[in-house]
Amino acid sequence: PDDAELVNEALRHAGRRVKTQRVQDIAGLNQALGKGAWDAVISEYDVPNLNVSAAQDTLRRAQLDIPFIVFTGSLSDEDLTALMRDGVHDIVFKNQTARLALALERELHAALARHQCQAATQALREIEGKHQALMDGSLEAFCYSHDGMHTSTNAAYLALFGYESKEELEEVPVLNLIDKGDQAKIKEYLRKPDKDQQTAKPRECTAIRKNGERFPAQTALFHMQVGGETMLQIVVTDLSKHKKNESKIQYLNQHDPLTGLCNRHFFLQELDKAVAAAKTGGGHSNMLY
């Protein structure tokens, strides 16, 4: 009891208002832990029914990460080393009572930092999980790229280009999925600075699937900063159906659906071209009726 009061006086003298409970065995420690949240444990090195190692194990089982400081008379170097290896945060000798409050203050700050780090890590994992769910659930095909290489892709992107896994694409440069005739155009698009990307329009190109099949595509590019480095988000849209529908609409616009013959609208378009060509001396046109 006298040693426990010595601890209380040292903390009060340092300006800390404390609520303490003295325990002498494992049962008392468990009972105290069950009553509420504690900020720290200060322990004598060797209590007959409650040594430091047993107290440490009790805290671990309770999944409590709180400062554990040993306050004792003297220790051998071997015992001191064993305590530090066992996870004791600090050791203060009774002839250094003034250091006890300072050690506790430091360890409380360190514990707070650990808890904040754990909370931030958990929040980051949740954000990453939500982001991955959005990526995998998105119908838009997109990837992330750094220095021209794939760093991450979603399921729609893999399906669009015919690859089975993200790891398979990590070794494939982005430009390898673009037809050689369009690579220079897309390379220029990739190199544009951030300020130009805000107004830059998506580029159409011919893309290449893993099996060599080519298809019309549209690429949209967005710059972003990740970990101090510039990453690119590339959204790819398959224009095959769009081009097919566009051709079908164009055909229906110029032909009679019943006979398949060119219609009056098409005739007027061709007539306008012929008149414009004649005005500039671009040759003669004939009409057969």
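Okay, here's what the table says:
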read-out: Mean ellipticity per residue at 222 nm, deg cm²/dmol - from DSSP H runs of n ≥ 4 across the chain, formula -39500 (n - 2.57); value: -15500 deg cm²/dmol
read-out: Solvent-accessible heavy-atom area per residue, rounded to whole Å², over the chain at 1.4 Å; value: 67
read-out: Charge dipole of the chain about the Cα centre (unit charges at C-beta), most positive-ward option of Ile69, Ala110, Ser138; value: Ser138
read-out: Acute angle (nearest 10 degrees) that the helix 26-35 long axis makes with the longest principal axis of the chain, alpha-carbon atoms; value: 50
read-out: Nearest-10 value in Å² for the accessible area of Ile249, using the 1.4 Å probe; value: 110
read-out: Acute angle (nearest 10 degrees) that the helix 97-137 long axis makes with the longest principal axis of the chain, alpha-carbon atoms; value: 20
read-out: Antiparallel bridges, percent of DSSP beta bridges restricted to the chain (to nearest 5); value: 80
read-out: Extended-chain gain in nm, criterion 0.36 nm per residue less alpha-carbon gap, Thr259 and Cys117; value: 43.7 nm
read-out: C-alpha long axis of helix 2-13 to longest principal axis of the chain, angle in °; value: 50
read-out: At R0 = 35 Å, FRET efficiency that the Cβ-Cβ distance of Lys244 and Ile127 yields, to 0.05; value: 0.30
read-out: Sites excluded, trypsin sites (Lys or Arg not before Pro) in DSSP loops with at most 10 other C-beta within 10 Å, longest stretch of the chain; value: 20-289
read-out: Near-label residues of segment 251-267 by backbone N, under 15 Å of a point 7 Å along Cα→Cβ of Leu288; value: 262
read-out: Efficiency of FRET between Ala159 and Met84 - r from beta-carbon atoms, R0 45 angstrom, step 0.05; value: 0.25
read-out: 31 Å tail of the calculated P(r), the chain, as % of Cα pairs; value: 61
read-out: Shape category assigned to segment 71-157 from the gyration tensor of Cα positions, a/c cut at 1.5; value: prolate
read-out: Accessible surface of the chain [probe 1.4 Å, protein heavy atoms]: carbon and sulfur percent; value: 53
read-out: Gaussian network model of the chain, springs between alpha carbon atoms under 10 Å - residue of Met231, Met149, Met84 with greatest fluctuation; value: Met84
read-out: Spatial separation of Cα centroids for segment 1-28 and segment 239-285, in angstrom; value: 95
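The values are calculated or read from the model by the stated rules, or taken from the named source; none is laboratory data. Predicted model only: the values in this text are computed from it and were never measured. Cβ sites come from the backbone with ideal geometry, for glycine too, and all protein chains shown count toward neighbours. Accessible surface is based on the protein model in full, side chains and every heavy atom, while ligands, DNA and RNA are left aside. Shrake-Rupley method; radii C 1.70, N 1.55, O 1.52, S 1.80 Å.
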